[in-house]
Structures are given as structure tokens and as C-alpha cells.
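Quick notes on the structure that follows.
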Amino acid sequence: MFRFATVAAATAAAFALAAPASAAVTFNFGGANATLGTGVALTQTQSGITVSATGYSFGAMTPTNFQNQWNGQDAATVLATLDPKQIRREGAGIGVCWAGEAANQCNQVDADGTNELLRVSVSQGVSMLTATFDRVDNNDTLKLYGVTLDGKLQWLGYGGIFDGPGTTMGVNSPGGGWWVSGSGDDQVYTVALNTGAYKEFWFGNNNDAADGYRLDSISVQPVPEPATWALMISGFGLAGSALRRRRTALA
């Protein structure tokens, strides 16, 4: 009986340690106007989670060719081929900027002259529940990648055109998207993503026209790391073994 109680207590402790945090955390990227140095990260921490945003571009390669060449490859290898750029922050969110870019494009993730990527790294594995975009017009597009917990770049399949006020966004995603406010080239959209477990998210565009948006905010939810799942499974195994031994002893 003592052994069973000890194992049960150990198992309960393992479950307590392994239990995934369920609360969603929202990161708002807007703030005082600032342009960071090339390759410098914009970082913030909430509820024990740190996110860091950095800017990149992949030059003249089209978004489709980029996806075909790099989807499923080692993210560190892909990152080494990208050109570091600047992060520009304004009240409505952040974008990617580079020397010589037109002022009206320097606060967005766009494809005006070079295909930009906004890389958001997270200190632990998370599911991204939603993303909100500002400075959107009716022909802007979205393309999203995630970096898996084992470091592979994965196209998440979300993409489409922001369709305008009163309509949903034409995205290939479970929850779609919805118009929030604004008009003309200054609309706000939120997209429901509910991704799996990733440690990075790369935001880009679906084509190489002059599409652009600011990333206003993201909402993420922590997910258990593989080692945590192993601890939970081990705990279930210990509990099962203890119950079997107890039944045998009683018999």
C-alpha cells in the first residue's frame, strides 16, 4: 500500500509538472515610432514567453519558388540564404524596412522591390491562434510559414487575398479571417490560424506584387514540448503498473 501511494504521488507530481499551460497570450507589436538597425530584433516578454521579431528578404526569387525550394528544409539553412533587414514599428504594428525603400512601404511586410519576410521567434513551442494585420488594402496577400520544434521550415498553407470591408478573407485556413475596421488602404483584419506546435513563424506575401501589411498582434498558446509528453506518458505507465501490482496482491 505504501509503495502504491508513493508511486501515485510521484505520478501526480509528474502530471502537475507536465500539464500544458492553457491560457492564450497576446503580443501587441505597435508602439512609438522606431526603426531598428539591420538584423536587430524587436523583443517583448509576457507570461514567461518571449517573442522576437526580425526582418529579412529573399530578393528576386518569387514566393512560389521560395516555397517550392525551401518547404520542409532545415530552417537554419534557409535563414543563411536570406538578407537581414530592419524592423519598423509604428502605432499600428510592425513591418520590414531596408535602405532606399519608399517611405510608404517601409512600415509594412511587402513585396515592393524585394520579397520581405517578418520572422517571429518564440522562446517555447506555441500554437498561434490568431494574427491581426493593419494597413491592408483589397489586393494584399498573406503567406505564412512555421518552424517546427525540430527545426524544419513548413509552409502552413494559409494564404489568400484580403477581400475588403464586410467580407471574409479568402484564406485556406480552418477559421478563415474577418474584416475588423478601416477602409481603403488602411483596413484591419484578424485571421484565425490555430496552428500546431511551432517555435517560429515567418510572415510573407503570396505573390510578388506590391502587397503589404503591418503585423499588429498575435495570440499564442503554449504547447507541451516532446520531453513533456514523454514525462506524462511515463506517469501514466507508472500509475498503470502500480494498479496492476495492487490488484495482483489483493487477489
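Table for the structure above
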quantity	calculated
Sole residue being more than 16 Å from the chain's Cα centre (by Cα) and in contact (Cβ under 8 Å) with a residue 12 or more places away in the chain, chosen from 59, 55, 95	59
Residues of segment 34-65 satisfying the condition of being modelled with pLDDT under 95 and within 18 Å of residue 145 (Cβ to Cβ)	58, 59, 61, 62, 63, 64, 65
Output for segment 176-193, where each listed residue is surrounded by fewer than 22 Cβ atoms within 10 Å (Cβ to Cβ) and modelled with pLDDT under 85	176, 178, 179, 183, 184, 185, 192
Residue list for segment 79-95, filter: among the β-branched types (Val, Ile, Thr) and within 11 Å of residue 37 (Cα to Cα)	87
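The values are calculated or read from the model by the stated rules, or taken from the named source; none is laboratory data. This one's a predicted model, so the numbers in the text were calculated from it and none came from an experiment. Glycine gets a Cβ as well: all are built from the backbone with ideal geometry, and neighbour counts include every protein chain shown.
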